[in-house]
1. Which one is farthest from ligand 1 (Cβ to nearest atom) among residues in region 82-107 that are closer than 17 Å to Ile359 by Cα and out of contact with any helix residue (DSSP H, G or I) (no Cβ under 7 Å at 6 or more places or on another chain)?
2. Examine region 282-292 for a residue that is of a type in the set (Phe, Trp, Tyr), crowded, with 20+ Cβ neighbours inside 10 Å and assigned to a helix (DSSP H, G or I), and state whether such a residue exists.
3. Is it true that some residue in region 368-375 is closer than 21 Å to Leu75 by Cα, touching a residue at least 24 places away in the same chain (Cβ under 8 Å) and not acidic (Asp, Glu)?
4. Is at least one residue of region 387-401 outside any loop (DSSP other than H, G, I, E, B), under 20 Å from Leu207 (Cα atoms) and aliphatic (A, V, I, L, M)?
5. Answer yes if at least one residue in region 438-450 is among the hydrophobic types (A, V, I, L, M, F, W, C), touching a strand residue (DSSP E or B) at 6+ places or on another chain (Cβ under 6 Å) and within 16 Å of ligand 1 (Cβ to nearest atom), and no otherwise.
6. Quick one: count up the residues across region 402-426 that are assigned to a strand (DSSP E or B) and within 16 Å of ligand 1 (Cβ to nearest atom).
7. Restricting to region 402-457, count the residues that are surrounded by fewer than 23 Cβ atoms within 10 Å (Cβ to Cβ), within 16 Å of ligand 2 (Cβ to nearest atom) and free of Cβ contacts under 8 Å to residues at least 40 places away in the same chain.
8. For region 112-151, give me every one of the strands (runs of 3 or more DSSP E) that falls completely inside it and has 1 or more residues that are buried (at least 22 other Cβ atoms within 10 Å of the Cβ) and within 16 Å of ligand 2 (Cβ to nearest atom).
Amino acid sequence: MPANERNLHPVNLAPDWSPDSWRTRTALQMPVYPDAGELARVQDELHALPPLVTSWEIMALKQQLAEAQEGRRFLLQGGDCAENFADCNSAVISNRLKVLLQMSLVLVHGLRLPVVRVGRFAGQYAKPRSADTESRDGTTLPTYRGDMVNAPEFTAAARIPDPRRMVKAHARSAMTMNFVRSLIDGGFADLHHPEYWDLGWVGHSPLAEDYQRMVGNIGEAVRFMETLSGTEVHNLNRVDFFTSHEALLLPYEEAFTRQVPRQWGWFNLSTHFPWIGMRTAAIGGAHAEYFRGIRNPIAVKVGPTVAPDELLRLIDLLNPDDEPGRLSLICRMGAPRVADRLPPLLDAVKRDGRRVLWICDPMHGNTESTSNGYKTRRFDNIRSEIEQTFDLHVAAGTRLGGVHLELTGEDVTECTGGARDLGEIDLERAYRSSVDPRLNYEQSLEIAMAIVRKQAQ
Ligand code: PEP
Ligand code: MN
């Protein structure tokens with residue numbers, strides 16, 4: 001059946017599912033809103049607002065992810081741990097896009113594969129937390145749960161969950177999306193002009209020379225192809241860019257779960273590629289219930305405590321028809337544990353013949369606290385988890401299809417190590433994250449180069 005016709009014929013609609021059926025299950029990590037009436041009014045308001053993405057884009061991404069599952073593409077997914085309202089500005093958005101474009105250029109060149117580019121942005125405003133409350137100097141307050149829920153300042157008023165923040169998050173997401181789309185449509189991502197992606201402060205980077213050599217090689221290849229064909233090579237002047245976020249705050253996600261003309265089923269139209277976080281991935285939980293019914297490609301974070309049979313049951317629930325491109329597993333084990341915890345999962349999924357895209361998140365299993373009180377991650381652990389993961393897939397006869405990174409285009413000092421060998425004392429200079437530590441521009445590019453080096457071995 002042609003793909004467009006297949007869209008008209010449901011394979012297997014999720015039984016007993018509706019956009020609000022998650023409400024019959026336990027929803028972890030949800031804020032307690034003081035005024036239920038206000039929450040309901042905000043949901044109605046959101047429901048009437050236009051969506052942020054279309055079903056065509058969502059289906060196009062699903063197709064690209066299906067190709068990545070077959071080893072014909074590599075996924076690069078990255079962005080902030082949490083976006084915040086104050087950083088919704090031109091510099092932060094375009095710098096983040098520049099880093100992702102530069103990394104994807106390194107990956108395309110080194111892996112000789114098209115890259116699926118997915119940002120952790122335009123909706124990454126809600127955060128799961130390991131504790132419900134936070135204490136400082138004898139005062140205990142509810143934790144900060146992301147700008148979509150409450151504010152980070154340590155005052156009782158700031159920490160009260162406010163549903164109107166969801167409306168603001170939708171607006172900020174739309175602005176982010178609009179700016180990214182205009183930059184790309186306007187030629188910002190044109191391979192003929194990688195100099196558009198230069199970031200001012202990196203002129204003297206230890207990595208600059210390697211990167212410039214690569215850009216030079218690509219420029220030559222482009223000019224060579226153009227000379228051969230006598231015309232401009234098309235498709236080099238624009239790229240696809242997709243969005244993703246952790247679909248944590250279910251009242252928000254439900255409001256953007258819509259039906260569209262000439263397509264069966266339901267789509268989450270707030271993002272192309274939502275994922276379930278590690279803390280909310282229980283099989284009987286509200287998040288798994290919500291995700292099983294939407295048609296987007298979806299991902300699940302898989303941590304070191306997940307047992308193989310549990311993972312297989314989750315796959316059965318989320319992708320019962322073994323649909324190509326539907327399900328990605330983002331593994332985040334930690335460098336010291338990955339060799340122990342990942343292989344049983346790879347073996348079980350392979351033995352069961354299930355189709356998934358394996359993604360490595362080398363950030364979340366490698367978080368630690370320094371003696372001067374910062375939450376950080378060591379560059380060597382991040383690189384090591386990726387390198388070990390490549391080897392473990394080779395040994396298991398499976399394939400690593402992508403990476404998931406927390407990064408920024410800003411000159412921050414949040415992760416230690418890397419080409420400039422940032423130490424704990426450097427974290428004091430430019431630590432800006434209110435949640436998890438991100439790779440800065442140089443460290444991100446260095447990870448892309450490490451992936452290419454590893455694959456060339
Ligand atoms: C995250 O991606 O920011 C996150 C909270 O990850 P995890 O669910 O894997 O802990
Ligand atoms: Mn994080």
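1. This residue is Ser104.
2. For region 282-292, residues of a type in the set (Phe, Trp, Tyr), crowded, with 20+ Cβ neighbours inside 10 Å and assigned to a helix (DSSP H, G or I): present.
3. Checked against the condition, which is being closer than 21 Å to Leu75 by Cα, touching a residue at least 24 places away in the same chain (Cβ under 8 Å) and not acidic (Asp, Glu), region 368-375 yields no hits at all.
4. Taking every residue of region 387-401 in turn, none turns out to be outside any loop (DSSP other than H, G, I, E, B), under 20 Å from Leu207 (Cα atoms) and aliphatic (A, V, I, L, M).
5. Yes: one or more hits.
6. Selection size over region 402-426: 6.
7. Within region 402-457, residues that are surrounded by fewer than 23 Cβ atoms within 10 Å (Cβ to Cβ), within 16 Å of ligand 2 (Cβ to nearest atom) and free of Cβ contacts under 8 Å to residues at least 40 places away in the same chain number 2.
8. Result: 115-119.
The values are calculated or read from the model by the stated rules, or taken from the named source; none is laboratory data. What you are looking at is a predicted structure, and each value in this text was computed from that prediction instead of being measured. FYI the Cβ positions are ideal-geometry reconstructions off the backbone, even for glycines, and counts take in every protein chain you see.
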